1. Condition first: within 9 Å of another protein chain (Cβ to nearest Cβ) and within 37 Å of the chain's Cα centre (by Cα). Now tell me which residues in region A:20-44 satisfy that.
2. Free of Cβ contacts under 8 Å to residues at least 24 places away in the same chain and of a type in the set (Val, Ile, Thr): is that true of residue B:118 in this structure?
3. Evaluate region A:255-269: report whether one residue or more is touching a residue at least 60 places away in the same chain (Cβ under 8 Å), of a type outside the set (Ser, Thr, Tyr), crowded, with 17+ Cβ neighbours inside 10 Å and touching a helix residue (DSSP H, G or I) at 6+ places or on another chain (Cβ under 8 Å).
4. May I ask you to verify whether residue A:140 is modelled with pLDDT of 85 or more, more than 19 Å from residue A:19 (Cα to Cα) and surrounded by 12 or more Cβ atoms within 10 Å (Cβ to Cβ)?
5. Sort through A:217, A:303 and tell me the only one that's farther than 30 Å from residue A:97 by Cβ and of a type in the set (Val, Ile, Thr).
6. For a quick check of your reading of the model, give me the residue pairs whose first member lies in region B:36-53 and is within 15 Å of residue B:75 (Cα to Cα) and away from chain A (no Cβ under 13 Å), whose second is surrounded by 18 or more Cβ atoms within 10 Å (Cβ to Cβ) and of a type in the set (A, V, I, L, M, F, W, C), with beta-carbon atoms closer than 8 Å and at least 6 apart or on different chains.
7. Where the second residue is basic (Lys, Arg) and not in a helix (DSSP H, G or I) and the first is at pLDDT 75 or above and lies in region A:301-327, which pairs have Cβ atoms under 7 Å and are six or more apart or on separate chains?
Amino acid sequence: MELELVERYLQAVSKALPKNHQEDITKELRDNILSQVEESEESLGRPLHEDEQVTLLKKLGSPTRLAMRYRNQEHMIGSTVFPIYWKILKLALGLAFLVQAAGSIAMAAAGKPFFESLAVLFNYPNVALSVFGWVTLAFAGLEFFGTKYKGSDRFDPRKLPPLEKAPSTGKSQFELIATLVTQIVFGVWWLAGLHSPYLIMGPGATVLNFGPVWHSIYPLFVILVLLEATRTALKLMRPDWGGQWMLTAVTGVLGIAVLYFLIMANEVFVPANPNSVQLQVLAKTLNSALHLGLMVAAVIRVITLIVAGAKLAGRKFGQAYQATVGM
Amino acid sequence: MPYTMQRTVEAPMNSEVLENLRLELRRGCLILAVLAELRTERYGYTLRKALAEQDLEIDEGTLYPLLRRLESQGLLVSEWREEDKRNKRFYSLSADGKQILKQLAAEWKSINASLEGIL
């Protein structure tokens with residue numbers, strides 16, 4: 001595409017604009033840039049080279065800074081510092097959330113009660129408020145004392161992210177945040193529940209208990225919970241990251257490993273009272289049924305993983321082929 | 001020696017102060033110029049060119065947000081229309097904008113006359 005750099009620039013501006021004005025403002029900016037390109041091409045009598053496109057885009061300033069001009073942020077943090085402030089604030093809030101989530105998971109894994117573990121995560125609003133306060137204070141100080149700071153607007157249009165193939169059809173940010181919170185709450189519940197079966201089985205814990213295999217594979221559950229949360233957090237913070245498939249593959253393999261250990265175990269569940277013949281019969285019947293169910297689940301999991309792997313390999317091969325033939 | 005030091009410290013400070021004052025002075029004038037140019041309907045690019053021809057250079061990052069602000073204040077109206085095979089957003093003065101422009105122009109002339117006397 002001849003004007004790919006322009007489209008990448010507009011894509012970057014659009015992402016930094018308020019959602020409800022993105023389309024309108026980007027459309028107008030596109031027309032403005034294309035008008036400039038057309039005028040230059042007319043006077044030169046040829047299409048613009050990449051270097052000339054870069055010069056034109058550099059004159060417009062960095063996409064974030066241009067987008068910030070459309071926001072009314074001229075108060076405590078001025079428009080020069082605001083883009084850096086906004087980026088650092090989002091990063092700090094995201095990191096604070098991950099630290100709280102990791103703390104919550106670690107407490108559950110260490111056998112702390114469910115609600116005590118979850119309290120660490122639910123303390124996030126307080127931590128977030130504190131992070132917001134400190135970051136804002138630091139930047140307000142920079143704004144107040146560093147009035148001579150002009151803020152460099154050097155950016156390289158060649159380093160802008162590549163064009164997204166189609167409008168993102170993935171989950172919205174809100175959905176991803178909700179998924180992340182659910183995954184962590186569920187993970188903490190599950191890890192704490194393996195220590196206190198009552199949490200998972202309720203009154204059923206007086207009848208049946210988890211077999212020893214669950215404790216043997218406990219580290220696998222901790223890794224799975226952390227991996228799932230990391231995968232969603234990365235989708236949220238780095239949606240363009242191309243390594244998502246690796247995490248998906250590792251999660252898939254670990255899931256199969258869990259199923260394998262459960263199938264190989266003699267007793268998935270044991271009677272809560274080992275002396276009760278009635279409970280022994282119940283546990284035996286349940287374990288037989290579970291073995292069958294787990295085997296079916298394992299076969300489905302393996303087939304799904306193979307199909308996903310084949311699709312990915314096909315896509316990668318296709319991309320490499322297109323790159324070779326220059327399509 | 002102390003005199004030389006004072007000079008070297010103050011020189012960049014003065015140019016910074018001058019630059020800030022110049023920007024402040026231009027800001028109000030640009031609004032008036034934009035309103036006046038939009039007595040004739042124009043889209044952003046041609047408006048920028050028209051202003052540049054009058055030696056009033058204005059960058060995109062200032063002009064487009066300003067146009068949106070003036071429109072949200074009810075001084076401008078805009079509509080998307082196709083021209084040269086591309087959709088363009090055309091701006092023009094609203095009835096309120098015409099009224100305000102008249103008043104601002106009178107204010108400008110009065111300030112200008114006063115300043116001419118003072119300067």
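The values are calculated or read from the model by the stated rules, or taken from the named source; none is laboratory data. Source: prediction; values computed, not measured. Neighbour counts are summed over all protein chains in view; Cβ atoms, including those assigned to glycine, are modelled from backbone coordinates with ideal geometry.
1. Here is the first cut: in region A:20-44, the ones within 9 Å of another protein chain (Cβ to nearest Cβ) are A:21, A:24-25, A:27-36, A:38-39.
Answer for region A:20-44, where residues must be within 9 Å of another protein chain (Cβ to nearest Cβ) and within 37 Å of the chain's Cα centre (by Cα): A:21, A:24, A:25, A:27, A:28, A:29, A:30, A:31, A:32, A:33, A:34.
2. Values: free of Cβ contacts under 8 Å to residues at least 24 places away in the same chain: yes; of a type in the set (Val, Ile, Thr): yes.
Yes, satisfied.
3. Of the residues in region A:255-269, the ones touching a residue at least 60 places away in the same chain (Cβ under 8 Å) are A:269.
Among the residues that remain, those that are also of a type outside the set (Ser, Thr, Tyr) are: A:269.
Checking the rest, the ones that are also crowded, with 17+ Cβ neighbours inside 10 Å come to A:269.
Those still in the list that are touching a helix residue (DSSP H, G or I) at 6+ places or on another chain (Cβ under 8 Å) too: A:269.
Yes: region A:255-269 contains one or more residues that are touching a residue at least 60 places away in the same chain (Cβ under 8 Å), of a type outside the set (Ser, Thr, Tyr), crowded, with 17+ Cβ neighbours inside 10 Å and touching a helix residue (DSSP H, G or I) at 6+ places or on another chain (Cβ under 8 Å).
4. Numbers: modelled with pLDDT of 85 or more: no; more than 19 Å from residue A:19 (Cα to Cα): yes; surrounded by 12 or more Cβ atoms within 10 Å (Cβ to Cβ): yes.
For residue A:140, the condition - modelled with pLDDT of 85 or more, more than 19 Å from residue A:19 (Cα to Cα) and surrounded by 12 or more Cβ atoms within 10 Å (Cβ to Cβ) - is not met.
5. Values: A:217 fails: farther than 30 Å from residue A:97 by Cβ.
From the options A:217, A:303, the qualifying one is A:303.
6. Filtered contacts from region B:36-53: B:36/B:101; B:37/B:47; B:37/B:51; B:38/B:47; B:38/B:76; B:38/B:93; B:39/B:93; B:39/B:101.
7. none
Yes or no, residue by residue, for (1) closer than 28 Å to residue A:175 by Cβ; (2) in the same structural domain as residue A:103 (by TED's automatic domain parsing); (3) hydroxyl-bearing (Ser, Thr, Tyr); (4) at pLDDT 85 or above:
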| position | (1), (2), (3), (4) |
| --- | --- |
| A:219 | no, no, no, yes |
| A:226 | yes, no, no, yes |
| A:235 | yes, no, no, no |
| A:245 | yes, no, no, no |
| A:254 | yes, no, no, yes |
